[in-house]
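Peer 1: Quick one: structure below, then a few questions.
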Amino acid sequence: MTARLTEMGRNLLGGLAVALLLCCLAGAAAPAAQAQQAQGQTQGQDVSDQALTGGQVPGGALGSSSRAEFWREVRRGIQGDVSIPNKQAGVLVESGGESWREFRNGPLKTYGAWVVLGMVALLALFFVLRGRIRIEAGPSGRTIQRFDDVDRFAHWLTAVSFVMLALTGMWLLWGRNVLIPVIGPEAYALIAHWGKYAHNFLAFSFIVGFVLMFALWVGDNIPNRHDVMWLLKAGGLFSKHVHPHSRKFNAGQKIIFWAVMVGGISLALSGIGLLFPFETAMWGKTFHVLSGLGVPGLPADVTPRLEMQLNTVWHAAVGLVMIAIILAHIYIGSVGMEGAFAAMGSGRVDENWAREHHDLWVAEVEQKSVEQAGRPLPAE
Ligand code: HEM
């Protein structure tokens, strides 16, 4: 019994001695570790080394993976595991976002400005060289009905919506560069805020407008052989005495019509994609179809975020090209050509204007008039 107690006491003393020794070693190691950490920091070393390896591998050691390689992968947008349903939250750095931002703030803004301002400059030059296109024979004083109320309603619904969409769109794209230096950030914030609302809602009246225009005018916008001659003669735009044949719409107008239709659909689809993010997958589906047709190099996995990035870039690029085209249309439909505005104003145009620009259409109207009323044209 005594021997057993003696043995237990010896063991206890031994244990205490080992514990004491460990404490001393730990006490000695702590200042050494602190000194090493302080040294690391003074050498500009990132303390995240400690966090990265759970403090297990101090100093310059790499641990199980290279710190540089790890962050490089994160920067490239590698997806980690997360326990929440939104697996995309596992992407710490969305690299595509940076590329998108660079493209939007760089080439898109710069080339977009060239396209729009280039068209303004071209139209100004055309006006200086050619002046206002006059009715060569002078106004006759008699008018012909060209567009009825429904036509003009469809046109002005589309036109007013488009002009507002174009203005608010350009505010959003170039506002920081152009408006803030002039009106200040507060006023710009207010304009951008309401401009965004206007842009969202006017999109719908624009869509209704161009769908109506399509239904009303598609029949008169099918290309025919006269369009080829009209284009070869550049529509007589550069000569006072050349008036190529044309039915209700000439080749130039048909180009505008189809540009509005194709551009309108494109703007509408990409705009809807932007209004309802994460709910449409148009680019994914398009790439899928194109890849099926053998087009190489398209991304197989189009994330909703990439959808948004492609939509904004496409929406803005198509919008800017359309703005340039419509600037030319507005010019020729107002100051650029005597007698043109009346077509969309009162709906009636001067007979001589009509004969010079749409001779075949006048012949059709006359024939109809003879058939229906027994005289060439309703005299007004
Ligand atoms: C805001 C100023 C605008 C003016 C002054 C204007 C003027 C005109 C005029 C006078 C016509 C009739 C031409 C003719 O008798 O043959 C016309 C037709 C037309 N307009 Fe406009 N328009 C404007 C804006 C727009 C906009 C914003 C769009 C579309 C986004 C548009 C699309 C069309 C189309 C597709 C036609 C029929 C084809 C053509 O004549 O080019 N217009 N416009």
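Peer 1: Answer yes or no: is there a residue in region 347-354 that is open to solvent by 50 Å² or more (accessible area, probe 1.4 Å), among the basic types (Lys, Arg) and either in contact with a Gly (Cβ under 6 Å, 6 or more places away or on another chain) or more than 9 Å from the ligand (Cβ to nearest atom) (or both).
Peer 2: Checked region 347-354: no residue is open to solvent by 50 Å² or more (accessible area, probe 1.4 Å), among the basic types (Lys, Arg) and either in contact with a Gly (Cβ under 6 Å, 6 or more places away or on another chain) or more than 9 Å from the ligand (Cβ to nearest atom) (or both).
Peer 1: Out of Leu157, Leu165, which single residue is in contact (Cβ under 8 Å) with a residue 60 or more places away in the chain and within 13 Å of the ligand (Cβ to nearest atom)?
Peer 2: The unique qualifying residue is Leu165.
Peer 1: Let me ask you something else. State the number of residues belonging to region 230-277 that are open to solvent by 60 Å² or more (accessible area, probe 1.4 Å) and within 10 Å of the ligand (Cβ to nearest atom).
Peer 2: Going through region 230-277 one residue at a time, the tally reaches 3.
Peer 1: Taking the residues in region 125-140 that are open to solvent by less than 50 Å² (accessible area, probe 1.4 Å) and assigned to a helix (DSSP H, G or I) as candidates, determine which candidate is farthest from Ala316 (Cα to Cα).
Peer 2: Arg130
Peer 1: Sticking with this one: Pick from Thr158, Thr168: which is hydroxyl-bearing (Ser, Thr, Tyr), more than 30 Å from Phe238 (Cβ to Cβ) and open to solvent by less than 40 Å² (accessible area, probe 1.4 Å)?
Peer 2: Thr168
Peer 1: Answer yes if at least one residue in region 291-310 is without any contact (Cβ under 8 Å) to a residue 12 or more places away in the chain, within 12 Å of the ligand (Cβ to nearest atom) and not charged (D, E, K, R), and no otherwise.
Peer 2: Scanning region 291-310, I find no residue that is without any contact (Cβ under 8 Å) to a residue 12 or more places away in the chain, within 12 Å of the ligand (Cβ to nearest atom) and not charged (D, E, K, R), so the answer is no.
Peer 1: Report yes if some residue within region 203-211 is touching a residue at least 24 places away in the same chain (Cβ under 8 Å) and open to solvent by 90 Å² or more (accessible area, probe 1.4 Å); otherwise report no.
Peer 2: no
Yes or no, residue by residue, for (1) surrounded by fewer than 13 Cβ atoms within 10 Å (Cβ to Cβ); (2) in contact with a Gly (Cβ under 8 Å, 6 or more places away or on another chain):
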site: Val218; (1), (2): yes, no
site: Val228; (1), (2): yes, no
site: Glu279; (1), (2): yes, no
site: His288; (1), (2): no, no
site: Val302; (1), (2): no, yes
site: Arg305; (1), (2): no, yes
site: Asn311; (1), (2): no, yes
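Peer 1: Need pairs with beta-carbon distance below 8 Å; first residue on the phi < 0 side of the Ramachandran plot and at pLDDT 95 or above and within region 234-254, second surrounded by fewer than 18 Cβ atoms within 10 Å (Cβ to Cβ) and β-branched (Val, Ile, Thr); sequence gap 6+ or separate chains.
Peer 2: Pairs found: Ala251/Val228.
One line per residue, one yes/no per condition, for (1) of a type outside the set (S, T, N, Q); (2) within 13 Å of the ligand (Cβ to nearest atom); (3) assigned to a helix (DSSP H, G or I); (4) at pLDDT 95 or above:
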site: Glu279; (1), (2), (3), (4): yes, no, no, no
site: Thr286; (1), (2), (3), (4): no, no, yes, no
site: Val289; (1), (2), (3), (4): yes, no, yes, no
site: Arg375; (1), (2), (3), (4): yes, no, no, no
site: Glu380; (1), (2), (3), (4): yes, no, no, no
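Peer 1: So if I check each of Phe249, Phe238, which one is of a type in the set (Phe, Trp, Tyr), within 22 Å of Gly131 (Cβ to Cβ) and not in a helix (DSSP H, G or I)? Spell out the reasoning first.
Peer 2: Working: Phe249 fails: within 22 Å of Gly131 (Cβ to Cβ).
From the options Phe249, Phe238, the qualifying one is Phe238.
The values are calculated or read from the model by the stated rules, or taken from the named source; none is laboratory data. From a predicted model like this one, the values you see are computed outputs, not experimental measurements. Note that each Cβ is placed from the backbone with ideal geometry, even for glycine, and that neighbours are counted across all protein chains shown. Just the protein is used for accessible areas: all its heavy atoms, side chains included, with ligands, DNA and RNA removed. Shrake-Rupley method; radii C 1.70, N 1.55, O 1.52, S 1.80 Å.
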